[in-house]
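**Q** Have a look at this one.
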Amino acid sequence: MTGTRADELEYRLTRYLMANYDPSVRPAHNSSEPLSVVFGLSLHSIIDVDEKNQILTTNCWLTQVWIDAHLIWNASDFGGISVIRVPYDKVWKPDIILYNNADAQYSASTINTNVIVKSNGEVTWLSHGIYRSSCEMNVEYFPFDVQSCKMKWSSLYYGVTICLVTLASALSVLTLNLHHRGLRGVEVPPLARKIILGWGAKFVLLNFKDSEAQAKAKLRSGGSRDTEKFQMHDLDPMEHMERFSHFDPFSVSPHFSPRHRLNHSSNDLIHAHSTGPTSPIMGTSAEMTEFEQQFLRVLRKVQQTIDKNETRLSDQDRREAIKDEWQRVSMVLDRALLLCFVLATSVATSCILLSSPHGP
């Protein structure tokens, strides 16, 4: 029976952990979750206090502990090994630095040790260094003065960039929301129409005069697209009879023939009108009245269909006008934000260049 050496198990464990490990990736369970780091500082000694240059030199030990989700293993699978030591440059480390650092050789003055990794993913990193930090000193009551110096440690983050990205995203969402707001049929408030489409459009050099006239015409038209509708349901059957008594089958427009031909009974009716009331084709007046009623019912259905189409088209025109108006509002806002960005960038660039003592 052969035994397995402990160094072979640790070697196999290290190979297992570092196989697909990337030290540049933050070891969190979820990219949206923050990673907590326990930071500790142990002051070993104060080496120097430079009152003239206001610099404090200290000898300190730093302790940083965090959980690395990519460095977790089952100790029973590797001979009960629950703790290993890995070179510090092989794993991810937090970028906590001394903010009020006064040493040009900051990295060279720090001694880093191997990180201690436990099977539950806990990583402990110890580092030692001699730190030079700036400290504002008041020597008015020297030699009886008392100085209080602070060492500010923090992780690097880009606060201004984060604010700019957040602001840009929020304004983009606002502009897109206004652009698609017309799809819900909500009209632009009169005050917003007056300020944005009236004064604002002129300020950002946008001209919507033609579009506004068309939109107002569509909104005013409403359901009256055709003012000369044929109101068939308002007419009396006898009145229809009088109208159709003057009907000439040979004067029908070519648009109605042969696509819209009359059926056999309607042809008989027309022929009866042309030959007189005593024609045998016409039949009795009761049969004629029944045919008229059927014919008028068909015309009423056609008229109802036309009315529905007119209502639908007028409502569609109204919604299109509202949508176009909201899109114009979003265009004005987008142009205004663009001008603000250009103006702010130009002013900031000019201030930076002009603030230089040697000129731009």
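The values are calculated or read from the model by the stated rules, or taken from the named source; none is laboratory data. Note that this is a predicted model, so its numbers are computed, not measured. Note that each Cβ is placed from the backbone with ideal geometry, even for glycine, and that neighbours are counted across all protein chains shown.
**Q** I need the full set of residues from region 122-142 which are charged (D, E, K, R) and part of a loop (DSSP other than H, G, I, E, B), in order please.
**A** 136, 140, listed by residue number.
**Q** Select, from 305, 311, 289, the only residue that is assigned by TED's automatic domain parsing to the domain that holds residue 203, more than 33 Å from the chain's Cα centre (by Cα), at pLDDT 85 or above and on the phi < 0 side of the Ramachandran plot.
**A** Criteria check complete, one pass: 305.
**Q** State all residues of region 162-184 that are among the aliphatic types (A, V, I, L, M), within 9 Å of the chain's Cα centre (by Cα) and surrounded by fewer than 11 Cβ atoms within 10 Å (Cβ to Cβ); if no residue qualifies, say none.
**A** Matches in region 162-184: 170, 173.
**Q** Checking residue 65 against (1) touching a Leu at 6+ places or on another chain (Cβ under 9 Å); (2) of a type in the set (A, V, I, L, M, F, W, C); (3) under 27 Å from residue 15 (Cβ atoms), only one condition comes out false. Which one?
**A** Here residue 65 meets the rest and fails (1).
**Q** Here's something else I'd like to know. Within region 102-129, restricting attention to residues that are among the hydrophobic types (A, V, I, L, M, F, W, C) and modelled with pLDDT under 90, which residue is nearest to residue 29 (Cα to Cα)?
**A** Once the filter is applied, the top-ranked residue is 111.
**Q** Related question: Return the residues of region 43-80 that are without any contact (Cβ under 8 Å) to a residue 60 or more places away in the chain and part of a loop (DSSP other than H, G, I, E, B); say none if nothing qualifies.
**A** 52, 53, 68, 69, 70, 71, 72, 74, 80 - these are the residues of region 43-80 that are without any contact (Cβ under 8 Å) to a residue 60 or more places away in the chain and part of a loop (DSSP other than H, G, I, E, B).
**Q** Would a scan of region 143-150 turn up a residue that is in a strand (DSSP E or B) and either surrounded by 12 or more Cβ atoms within 10 Å (Cβ to Cβ) or in the same structural domain as residue 10 (by TED's automatic domain parsing) (or both)?
**A** no
**Q** Here's another thing I want to ask about it. Can you find a residue that is surrounded by 15 or more Cβ atoms within 10 Å (Cβ to Cβ), under 30 Å from residue 16 (Cβ atoms), over 41 Å from the mean Cα position of the chain (by Cα) and among the polar types (S, T, N, Q) anywhere in region 63-73?
**A** The answer is no, given that none of the residues of region 63-73 is surrounded by 15 or more Cβ atoms within 10 Å (Cβ to Cβ), under 30 Å from residue 16 (Cβ atoms), over 41 Å from the mean Cα position of the chain (by Cα) and among the polar types (S, T, N, Q).
**Q** Also, quick follow-up: Would you check if there is a residue in region 214-222 being part of a loop (DSSP other than H, G, I, E, B), surrounded by 11 or more Cβ atoms within 10 Å (Cβ to Cβ) and either outside the structural domain of residue 307 (by TED's automatic domain parsing) or modelled with pLDDT of 80 or more (or both)?
**A** So far as region 214-222 goes, no, none of its residues is part of a loop (DSSP other than H, G, I, E, B), surrounded by 11 or more Cβ atoms within 10 Å (Cβ to Cβ) and either outside the structural domain of residue 307 (by TED's automatic domain parsing) or modelled with pLDDT of 80 or more (or both).
**Q** For residues that are in contact with a strand residue (DSSP E or B) (Cβ under 9 Å, 6 or more places away or on another chain) and of a type outside the set (D, E, K, R), tally how many sit in region 147-204.
**A** 7
**Q** Something else now. List every residue pair whose Cβ atoms lie under 7 Å apart, where the two residues are 6 or more positions apart in sequence or sit on different chains, the first residue falls within region 13-26 and is under 25 Å from residue 95 (Cβ atoms), and the second residue, located anywhere, is assigned to a helix (DSSP H, G or I).
**A** Matching pairs, first to second residue: 18/90; 23/90.
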